[in-house]
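Before any comments, here is the structure.
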Ligand code: UD1
């Protein structure tokens, strides 16, 4: 089975790594890796290939940053000739970024089967670019691999036939489990002069949080209060750093004694940093899942999540962006132990299950 595996943006790399490994271990697969180049910085892309032992991409589309329409169109334009040239049996896409929908759409028009890994998640918030990407990709996919039961319910409600949907667990957690021992050896805490459970971690990158200076200023008011009590490590996404510089918020954060502003970290350093943290505050999707497995309290600075299992079973809480609510949740997390459990099938074997299902499906066609 010849498969073109697509990755493009930071959260894709940890999802594609265990899949590439599973395919390479099976003689029945011819797996090629396509990097769209949506993320291209050393810290946003290459560091992950190194940390995760990802093979070098067979093809790099080198699209770079642009508006959503331009970026998506550029990926499509450059991916179409690759598909025509390679003639794969399937195109496999992961997650919900612009690279995901762009490559899926190209495959659909060429009548190439589409496999979507991390299908079915829904925030029900169409102002999120990722939600649009998720809904559209799922609608044109032939095989849909799902991480949690809510995804099966969503797809079923949207009319996806049951035989296309497979609840297999979470490939991002495959990577976490595979790398946990190595991450333990990272010296990131020593470098930042932090002690286990003696600090919190912040991450922000979503347009809804970082593009409006009023929202960004508000969450930083909360961070100012928190860092007076607990040091905070804050690796900055390039978009977040740019916006903070332009609005003057960066200078304010730099002046806070408990705030450690950092460049984006590699996978192993970041895993070590989050796994030893007292609390994580984030607007990310994937970090809600990682903290659930690590048992670290997570305060999500959003009003919704497409990953409800991280709340029902995990350590996640939705706290929005109002400073008082963030502070209230922070104080309650500091007081109490959180009950949590690891969701079913988040056991490090999701990519193996996917490789098995794909092959059976392909053979039966
Ligand atoms: C993208 C994904 C988002 C994911 C995030 C992880 C979409 C719609 N969004 O958002 O779902 O959570 O990646 O980071 O696909 N930039 C650099 N260097 C890079 C990449 C980006 O400096 O290597 C800067 C550029 O100024 C760019 C901005 O970051 O304009 C945003 O990058 P982009 O890929 O458009 O979206 P992200 O916000 O990273």
Using the alpha-carbon centroid of each, what span in Å lies between the stretch 182-239 and the stretch 308-338?
16 Å
Prolate/oblate/rounded label for the stretch 286-329 (Cα gyration tensor, a/c 1.5)
prolate
Neighbour counts of other C-beta atoms within 10 Å: give me 96, 41, 187 arranged from fewest to most.
187, 41, 96
If neighbour count is taken as other Cβ atoms inside 10 Å, put 296, 321 in order from fewest to most.
321, 296
Taking square-rooted eigenvalues a ≥ b ≥ c of the alpha carbon gyration tensor, is the stretch 3-84 rounded, prolate or oblate, where a/c under 1.5 means rounded and, failing that, a/b exceeding b/c means prolate?
oblate
Calculate how steeply helix 98-109 sits against the longest principal axis of the alpha-carbon atoms of the chain, using the helix alpha-carbon long axis, and give the answer as 0 to 90 degrees to the nearest 10.
10 degrees
Rank by packing, highest mean first: peptides 151-157, 241-247, with packing defined as the count of other Cβ atoms within 10 Å averaged across residues.
151-157, 241-247
Relative contact order [Cα under 8 Å, 6+ residues apart], the stretch 145-202, whole percent
30 percent
May I ask you to derive the relative contact order of the chain, considering only C-alpha pairs under 8 Å and at least 6 residues apart, and to give it as an integer percent?
16 percent
What number, in percent, do you get for the relative contact order of the stretch 175-284 if the mean sequence gap of Cα pairs under 8 Å and at least 6 apart is divided by its residue count?
44 percent
Helix 238-247 versus the longest principal axis of the chain: what is the Cα-based angle in degrees, 0 to 90, to the nearest 10?
40 degrees
Report, in degrees rounded to the nearest 10, the 0 to 90 angle that the Cα long axis of helix 68-86 makes with the longest principal axis of the chain.
30 degrees
Mind telling me which of 118, 158, 131 comes out most flexible in a GNM of the chain, alpha-carbon contacts under 10 Å?
158
What ranking do 76, 14 get, fewest neighbouring Cβ atoms within 10 angstrom at the top?
76, 14
In units of 2.2 N^0.38 Å, what is the alpha-carbon radius of gyration of the stretch 181-335?
0.96
Would you mind telling me which residue in 314, 286, 200 has the biggest mean-square fluctuation in a Gaussian network model of the chain, where springs connect alpha carbons within a distance under 10 angstrom?
286
Among 105, 273, 338, which one shows the highest mean-square fluctuation when the chain is modelled as a Gaussian network with alpha-carbon springs under 10 Å?
338
Per residue of the chain, what 222 nm ellipticity follows from adding -39500 (n - 2.57) for every DSSP H run with n ≥ 4, rounded to the nearest 500?
-14500 deg cm²/dmol
Looking at the square roots a ≥ b ≥ c of the eigenvalues of the Cα gyration tensor of the stretch 14-152, which shape do they give, rounded for a/c under 1.5, prolate if a/b is larger than b/c, or oblate?
rounded
Share of Cα-Cα pairs in the chain beyond 26 Å, in percent?
49 percent
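Taken together, the values in this text are just the output of simple stated rules run on the coordinates, not laboratory data. Please read all numbers here as calculations on a predicted model, not as lab measurements. Methodologically, a virtual Cβ is constructed for each residue, glycine included, from the backbone with ideal geometry; neighbour enumeration extends over all protein chains shown.
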